[in-house]
Amino acid sequence: MSLAIETLNAMSAEDFIHALGGIFEHSPWVAASVVDARPFASIEQLHSAMCAVLRNADGEDRLHLICAHPELAGKAAIRGELTDHSTREQHAAGLDQCTPEEFSELTQLNAEYRERFGFPFILAVRGHTRASILAALRTRMHRTREEELAESLAQIERIAASRLGL
């Protein structure tokens, strides 16, 4: 994100929500929840406030936010339906360049994960490779649902930090 905190602080509420509405995937309510907390001293403080909104949201809202995330190299990617943020993130991790074998394994593991936990596998892919993403997916498959809910929210906070340029 290239907007300075001073610019974000000076925006109208509508422009602020529009500018930050995609930081948390398809969840502009997070940005809307912090608009009246301005001014923020830094992007870090903004991120912290947004994460606090997420942590304090009820379980249903958190689950909806988790489910708003696309599967890695999933159907939305194939159909070209990813947000600009997700497209850039998945491209940077090489997920748009999977071998047929990698794509097959990723598709199978994504389906198994969703079946087991009831929501998509979420990983902040910045700094990951296709191999490390597959390894993380295999490892996390053995956790409890509660552990994965907590991990998914932690990953979403990392994704938001990256999208804010942190």
Subject >> Where a residue in the range 98-124 is closer than 13 Å to Arg145 by Cβ and its partner, wherever it lies, is at pLDDT 90 or above and surrounded by fewer than 15 Cβ atoms within 10 Å (Cβ to Cβ), with Cβ under 8 Å and at least six apart >> reply: Tyr113/Met141; Arg116/Met141; Arg116/Arg145; Phe117/Arg145; Gly118/Arg145
**OP:** State whether one or more residues within the range 129-149 are of a type in the set (A, V, I, L, M), at pLDDT below 90 and more than 30 Å from Ala10 (Cβ to Cβ).
**Re:** no
**OP:** Report, by residue number, each residue of the range 124-160 that is β-branched (Val, Ile, Thr) and under 15 Å from Cys51 (Cα atoms).
**Re:** Ile156, Ile159
Original post:
Just one of Arg140, Arg145, Arg126 is of a type in the set (D, E, K, R) and either out of contact with any helix residue (DSSP H, G or I) (no Cβ under 8 Å at 6 or more places or on another chain) or under 20 Å from Glu25 (Cα atoms) (or both); which is it?
Top reply: Arg126
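Can you tell me how many residues in the range 98-129 are of a type in the set (Ser, Thr, Tyr) and surrounded by fewer than 15 Cβ atoms within 10 Å (Cβ to Cβ)?
So the count comes out to 3.
Condition check ((1) at pLDDT below 95; (2) in a helix (DSSP H, G or I); (3) of a type outside the set (Val, Ile, Thr)) across all residues:
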residue	(1), (2), (3)
Gly22	yes, no, yes
Val30	no, yes, no
Pro39	no, no, yes
Gln45	no, yes, yes
Ala49	no, yes, yes
Ala52	no, yes, yes
Ile66	no, yes, no
Glu71	yes, no, yes
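The values are calculated or read from the model by the stated rules, or taken from the named source; none is laboratory data. Only a predicted model underlies this, so the values are computations on that prediction, with no experimental measurement involved. In this analysis, Cβ positions are derived from the backbone assuming ideal geometry, glycine residues included, and neighbour counts consider all displayed protein chains.
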